[in-house]
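Accompanying notes for the structure given below.
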Amino acid sequence: MSQQQQDLQRSRRNFIKKGIAGLAGTVVLPSVLKGETGTQSTPAPRPGQKGKFLYRTLGNTGIKLPIVSMGVMNADNPELVKAALDAGIVHLDTAWYYQMGRNEEMIGQQLKGRPRDSYVIATKIYEPRDKETGLFPPDAKVDSFNEKFQTSLKRLGLDYVDILYLHNVSRKESAMFEPYLEALKKLKKEGKVRFIGLSTHRNEPEVVRAAADSKAYDVVLTSYNFKQQYLADMESAIAYAAKAGLGIVAMKTQAGGYWDGKEKKFPIDMKAALKWALQNENIHTAIPGFTTFDQLYLDLTVMEDLTLTPEDKAALQPPADLKVTGLYCQQCEKCIRQCPAKLEIPTLMRSYMYAYGYRNLGEARQTLDPVDLSRAACNDCGVCKVKCAMGFDIKDRVQDIIRLKDVPRDFLA
Ligand code: SF4
Ligand code: SF4
């Protein structure tokens, strides 16, 4: 048995122990594997591989993971998922609503026949909330949350998932929203979820700190990349949560994928951006959303060697002749205040990034769907009042992306 399988098996044994103890009403502290913080290098699990994969421990969960995992959101090729697992990627990240459920089904198919202790599956449940405040309605019920989770288990073909996230949390009050927090804890106690977490890509520092303060969450999945304008605050929140024992998973490490907009003449160097994020040892693993075999192989090289070369550092500087300012929206919300219609511009810009940066029209549409576009009065505005922190031409992008609402859903499924 490989070192990796042994580690996963040990972690699973801890889970089973905890699950049984939890059912008996006993509180068992998570196992902390002494001396296993930081980055370790472990012999690669795949035959014929020359190097060694770099591993980090996912906080107090004790799960030891290769530093690169797979964000499956944009992938629709089952062979790519298979190749990733065969190559030694262990952790797959999906969500209940990705590709209207087909993402989880595709993963489920690829897991068939593999030992349960050879992979780590995370999924996420999104529940509606107030679009402007990001808060859940006070009378929110957990029935829909639980039903979605049961559907996820069925699609994945699993009895339990390793990590279940409350999806897309943007306020500390939402992180602490009791009905969903209690639902997560209950699933953990019942053994249907090993660890609970939240995902965040807006107001992340506040949410990550709230997750740590909750003493309930085990893992956070957060945006983290070299283009974030609030990096000092972001890194301080990540350090705070890591110190509290949370596992930290990074997403959006590619910062939208392009330096420019939909023209896409200046791709961001994927390898350099991923290495940059993983220089922070408080990031335990990252979930780049690779969609091709070439990208997979590129990410595998990062799993073996994190060194930021002078070329990598140079690649993280904006191209000299860059005129537009990329696809990555900081989600800073400054635009909402400036827009007389109070449009949910950050969400529209995220949808725009999914459409033009990730080429994932399904996800772009899913992101767009909950946005109230009845106030999208850009045509009446003449000149757009919004001065975007990233310099985006907001009117142009809003008018561009909202066309997706008119495309019949089945064209995008
Ligand atoms: S001001 Fe610009 S960067 Fe900030 S949330 Fe709005 S669109 Fe995004
Ligand atoms: S053009 Fe659109 S985004 Fe800009 S201020 Fe007017 S309504 Fe808001």
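Glu190 to Ser144: extension gain in nm, 0.36 nm per residue of separation minus the Cα-Cα distance? The partial results should precede the final answer.
On the way: separation 46, 0.36 × 46 = 16.56 nm, distance 1.80 nm.
Full extension from Glu190 to Ser144 adds 14.8 nm.
Among Ala272, Ala389, Ala241, which one moves the most in a GNM of the chain with springs linking Cα atoms closer than 10 Å?
Ala389
Just report the Cα centroid separation between the range 76-141 and the range 247-296, whole Å.
Taking the Cα centre of each part, the range 76-141 and the range 247-296 sit 19 Å apart.
Taking a point 7 angstrom from the Cα of Asn77 along the C-beta vector, which residues in the range 101-132 have backbone N less than 17 Å away?
Answer for the range 101-132: 103, 106-107, 110.
How do Lys64, Lys405 line up, fewest other C-beta atoms within 10 Å first? Before the final figure, lay out the partial values.
Values: Lys64 24, Lys405 13.
Starting with the residue having the fewest Cβ neighbours, the order is Lys405, Lys64.
At a 10 Å Cβ-Cβ cut-off, how would you order Phe392, Phe411, Phe293, fewest neighbours first? All intermediate terms of the calculation are to be shown ahead of the outcome.
Numbers: Phe392 23, Phe411 9, Phe293 14.
Fewest-to-most ranking of Phe392, Phe411, Phe293: Phe411, Phe293, Phe392.
Convert each backbone phi in the range 364-371 into a coupling constant with the Karplus relation 6.51 cos²θ - 1.76 cosθ + 1.60 (shift: θ = phi - 60°), then list the ³J(HN,Hα) values in order as whole Hz, x for Gly and Pro.
4, 5, 4, 5, 6, 3, x, 6
Can you sort Glu173, Glu132 by how many other beta carbons sit within 10 Å, fewest first? Walk me through the numbers before you get to the answer.
Numbers: Glu173 15, Glu132 11.
The most exposed by this proxy come first: Glu132, Glu173.
Using a 7 Å offset from the Cα along the Cα-to-Cβ direction at both Thr39 and Ala314, what is the distance between the two label points in nm, to one decimal?
It is 2.2 nm.
Consider all pairwise Cα distances in the chain and report the whole-number % of them above 33 Å. Spell out each step's value before the answer.
On the way: 24770 of 85078 pairs.
Tail of the P(r) past 33 Å holds 29 percent of the pairs.
What pairs from Lys172/Lys395; Lys154/Lys252; Lys82/Lys334 go past 32 Å between their alpha carbons? Can you show the working numbers first?
Details: Lys172/Lys395 30 Å; Lys154/Lys252 28 Å; Lys82/Lys334 42 Å.
The answer is Lys82/Lys334.
Please give me the summed charge of the neighbours of Gly101: other residues whose Cβ is under 11 Å from its Cβ, Lys and Arg +1, Asp and Glu -1.
Details: positive: Arg102, Lys148, Lys154, Arg155; negative: Glu104, Glu105.
Its environment carries a net charge of +2.
Subtract the Cα-Cα distance of Thr301 and Met176 from 0.36 nm times their separation in residues, and report this length gain in nm to one decimal.
Contour length minus the Cα-Cα distance gives 41.2 nm.
A short reminder: the numbers here are calculations on the coordinates, not readings from a lab. Here the structure is a predicted model, which means the values were calculated and not measured. In this analysis, Cβ positions are derived from the backbone assuming ideal geometry, glycine residues included, and neighbour counts consider all displayed protein chains.
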